[in-house]
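The structure appears below as C-alpha cells.
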Amino acid sequence: MTIPPRLELKAIAASYADLQVLQDISLTIRPGEFVSILGPSGAGKSTLFRLLTGALKPSRGDILFDGSPLDTASSPFAFMPQRDALMPWRRIIDNTTLGLEVQGLSRREARKRVEPLFAEFGLTGFEQHYPSALSGGMRQRAALLRTVVQDRSMLLLDEPFGALDALTRAGMHRWLEGMWMRHQWTAMLVTHDVREAVHLSDRIYVLSPRPASIVEVVDIPLPRPRSRKGAAGAEAARIENAILETLLGPHEGQSS
Amino acid sequence: MLMQLYRGLPALIAITLLLLGWETYARLSGISPTMLPAPSRVIEQAWIYRQPLWENTLPTIRATVFGFACSLAVAFLLSVLVDFFNPLRRALFPIFIISQTLPLVAIAPLVVLWFGFGLAPKILLVALVTFFPMLVALTQGYQSTEEEIEQLLASMGAPKWKCFLLARLPSALPYFFAGLRISITYAVVGAIFAEYAGAAKGLGIYILNAKNNFRPDLVLAAVLVSAVLTLVLFGLTLLIQRLAMPWTRSSLGSGR
Ligand SMILES: Nc1ncnc2c1ncn2[C@@H]1O[C@H](COP(=O)(O)OP(=O)(O)OP(=O)(O)O)[C@@H](O)[C@H]1O
Ligand SMILES: [Mg+2]
C-alpha cells in the first residue's frame, strides 16, 4: 500500500489555437515535496499552471491529484500568478484576505488570520494602502501572503520572487523554506532563477524551449535548512553549474 | 485647489477671448440684435427672463434625470445578463446598433405622437440616446478584467457570480464613468430635443417659442442655461467617480 502522488502529470500536451506550447510533460510530486520547473522564457511554464487551475484544457494526457483525475472546481491549489494580480481597488489587507473571503470567512475573521503575518512579510504599516502605492517587490510579497494564508494542500508559485532584489530574495528563500518545512506544504515553483530552484527544491524539472518537453530531472538531496556554506554549499554550486550547462547547451549549438 | 484653478486658466482665457471677439463684432458691425445679439445682451435678457427660464428648466432637468436613471438601470441589468449569457449579446446587439442609427428628428415627433406631451416620451428619447453607450461601456469594462485575476479567483474556487462581483464589476468602473460622462451630455440634448418636438414646458419648447418670436437672444439664453446644466451634471459625475474610485487618487499624491 503506497500513498499516491499528490500530483501527477502524464504525457501532457497543450496548445493555444494552432500554437503548440507543451509537447510532452510528465512529472510527479509527492506530498510534502518541493518541486521546481525551470525553463527558458516562453517555454510554457505559466501555461502548465493554467492547466492546473482549469483555465485551459490539455489537448492530450492526464492530470491526477491524490490518485484521481484533477477536479479543478474543488480548487486544491493556492495559486500565485506571475504578475501579482493584486486588485487595484482593494487595499493591501483586503487583497491578502481575498482567498479567505472567497472561502466564506467574514471580513473580520479573515483579517484576524492575516494581520499577524504582515510583519514577517515586511508589509507592516501598508495594510491600508492601495497596491499602486507599493513597490514591485512589496506587491509580490503581498501576493505571496495572499497565497499562503489560503491553507491549501498544494502551492503553485509562478516566479514569486521575480521582482525582488537579490538580498530580499535570499531572505524570502530562507523564509519560504522555513515555512515549507514547518507546514509540510507540497509546492510547485516556476522560476528562471537556477540558484533559487536549487536552494528550494527537492527536485527540478528542466524544460526545453517551446514546444516544451522535459529535458532533465535533477534530484537535490542536500540537507535542510540549506545554506551556502561548507560542503553542502559547494555541492549546491556544482549542481547550479550543471543545470546552467544544460540550459545553455542547445542554444550555443543553434547559434554556431 | 489653487493648482486646479491654475490648470483651468488656459480654458478660461480662451473662452473670455472668444466672448470678447463676439461682443466687439456684434457692437461694431452694426448687425441687428435679432440676427446676432451680443453676449452682454444675452446675459441681460437671461436675467430679466429668469423666472420663465427657470420654470422651463425644471421639466428639462426632470426629463434628463428620470430618463437617464431608467436608461442606466436597464443598461446595467442587461449588461449583467449579456455578460452571463453570451448568445443574448449576439441576439440583442444588432438591434441596439440599429436603434442608434435612427435619426432623432424623425423619431422624436413619432414618440410624442404615440405618448403625448407628458414625461413618458422624454424619458423614452433620453433613454434611446444614452442606453447604448452605457451598455457598451459596461460590457467593455467587464471584458477589460485582467485575465490573471480571473484565473486567480477560479483557483480559489470562486463561482462565476462571485468572480463577477469581485473582479469584473470593479474592473468596469473606469469604463462606466467614461461612458457616464459622455451619456450625460447626450441626455440633456435628448431631453431638449424631445421637448422641441412637443411639450407643455421645457427648455426645448422655450427655444422653439423664442425662435418663432424672433428672439435669438432668448434662444441663446436658453442655450446658456442648458450648457450650465450639462456642465453641472458633468461635474457631478466627476465627483461621484472620485468618491467611488478612491484608489485612483491616493496613489500619486494630492496634487492631481
Ligand atoms: N492566452 C494565450 N493565447 C495565445 N498564446 C499564448 C497565450 N498565453 C501564452 N501564449 C503563448 O504560449 C507560449 C508560452 O507562454 P507561457 O506564458 O506559458 O510562457 P512562460 O514559460 O511562462 O514564459 P515566462 O517565463 O516568460 O513567463 C508563449 O509563446 C506565448 O506567446
Ligand atoms: Mg510565465
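The values are calculated or read from the model by the stated rules, or taken from the named source; none is laboratory data. From a predicted model like this one, the values you see are computed outputs, not experimental measurements. Cβ: placed from backbone, ideal geometry, glycine included. Neighbour counts: every protein chain shown. Note: areas computed on protein heavy atoms with side chains; ligands, DNA, RNA excluded. Shrake-Rupley method; radii C 1.70, N 1.55, O 1.52, S 1.80 Å.
For region A:177-214, filtering for residues that are within 13 Å of ligand 2 (Cβ to nearest atom) and among the basic types (Lys, Arg) leaves 1. Checking each residue in region B:40-68 for being farther than 14 Å from B:ASP217 by Cβ and open to solvent by less than 20 Å² (accessible area, probe 1.4 Å) picks out B:ASN56, B:THR57, B:THR60, B:ALA63, B:THR64, B:GLY67, B:PHE68. If you go through region B:134-170 and keep only what is facing another protein chain (nearest Cβ under 8 Å) and among the hydroxyl-bearing types (Ser, Thr, Tyr), you end up with just B:SER155. Inspection of region A:133-141 identifies no residue that is hydroxyl-bearing (Ser, Thr, Tyr), within 14 Å of another protein chain (Cβ to nearest Cβ) and not in a loop (DSSP other than H, G, I, E, B). Select from region A:58-87 the residues that are open to solvent by 10 Å² or more (accessible area, probe 1.4 Å) and under 13 Å from the mean Cα position of the chain (by Cα) and write down the one among them that is farthest from ligand 2 (Cβ to nearest atom). Selected residue: A:ASP84. Restricting attention to region A:75-110, the residues being out of contact with any strand residue (DSSP E or B) (no Cβ under 7 Å at 6 or more places or on another chain) and within 16 Å of ligand 1 (Cβ to nearest atom) number 3. Taking region A:33-49 only, how many residues are touching a strand residue (DSSP E or B) at 6+ places or on another chain (Cβ under 8 Å) and either within 14 Å of chain B (Cβ to nearest Cβ) or within 8 Å of ligand 1 (Cβ to nearest atom) (or both)? Adding up the residues that qualify gives 9.
Within region A:223-244, the set of residues being without any contact (Cβ under 8 Å) to a residue 24 or more places away in the chain and assigned to a loop (DSSP other than H, G, I, E, B) comprises A:PRO223, A:SER227, A:ARG228, A:LYS229. Listed by first and then second residue, the pairs with beta-carbon distance under 9 Å, at least 6 apart or on different chains, first residue in region B:1-19 and over 21 Å from B:VAL42 (Cα atoms), second of a type in the set (D, E, K, R), are B:MET3/B:ARG256. The set of residues in region A:162-177 that are at pLDDT 85 or above, of a type in the set (A, V, I, L, M, F, W, C) and over 30 Å from A:SER106 (Cα atoms) comprises A:ALA166, A:LEU167, A:ALA170. Here A:ILE3, A:ILE12 are screened, and the one residue that is more than 9 Å from ligand 1 (Cβ to nearest atom), without any contact (Cβ under 8 Å) to a residue 60 or more places away in the chain and not in a loop (DSSP other than H, G, I, E, B) is A:ILE12.
Check region A:36-57 and report whether any residue there is more than 16 Å from ligand 2 (Cβ to nearest atom) and surrounded by 19 or more Cβ atoms within 10 Å (Cβ to Cβ). No, region A:36-57 contains no residue that is more than 16 Å from ligand 2 (Cβ to nearest atom) and surrounded by 19 or more Cβ atoms within 10 Å (Cβ to Cβ). (1) away from ligand 1 (no atom under 13 Å from the Cβ); (2) more than 22 Å from A:LEU9 (Cα to Cα): which one isn't true of A:GLY162, the others all being true? Of the numbered conditions (1) away from ligand 1 (no atom under 13 Å from the Cβ); (2) more than 22 Å from A:LEU9 (Cα to Cα), the odd one out for A:GLY162 is (1). Residues that are away from every other protein chain (no Cβ under 14 Å) and polar (S, T, N, Q) within region A:50-90 comprise A:SER59, A:SER68, listed in sequence order. Of the candidates A:SER132, A:SER208, the single residue that is touching a residue at least 40 places away in the same chain (Cβ under 8 Å), over 30 Å from A:LEU247 (Cα atoms) and either more than 16 Å from ligand 1 (Cβ to nearest atom) or open to solvent by 10 Å² or more (accessible area, probe 1.4 Å) (or both) is A:SER132. State whether one or more residues within region A:172-180 are surrounded by fewer than 21 Cβ atoms within 10 Å (Cβ to Cβ) and under 20 Å from B:GLN151 (Cβ atoms). Scanning region A:172-180, I find no residue that is surrounded by fewer than 21 Cβ atoms within 10 Å (Cβ to Cβ) and under 20 Å from B:GLN151 (Cβ atoms), so the answer is no. For region B:78-86, the count of residues that are open to solvent by less than 30 Å² (accessible area, probe 1.4 Å), within 30 Å of A:LEU51 (Cβ to Cβ) and of a type outside the set (Lys, Arg) is nonzero.
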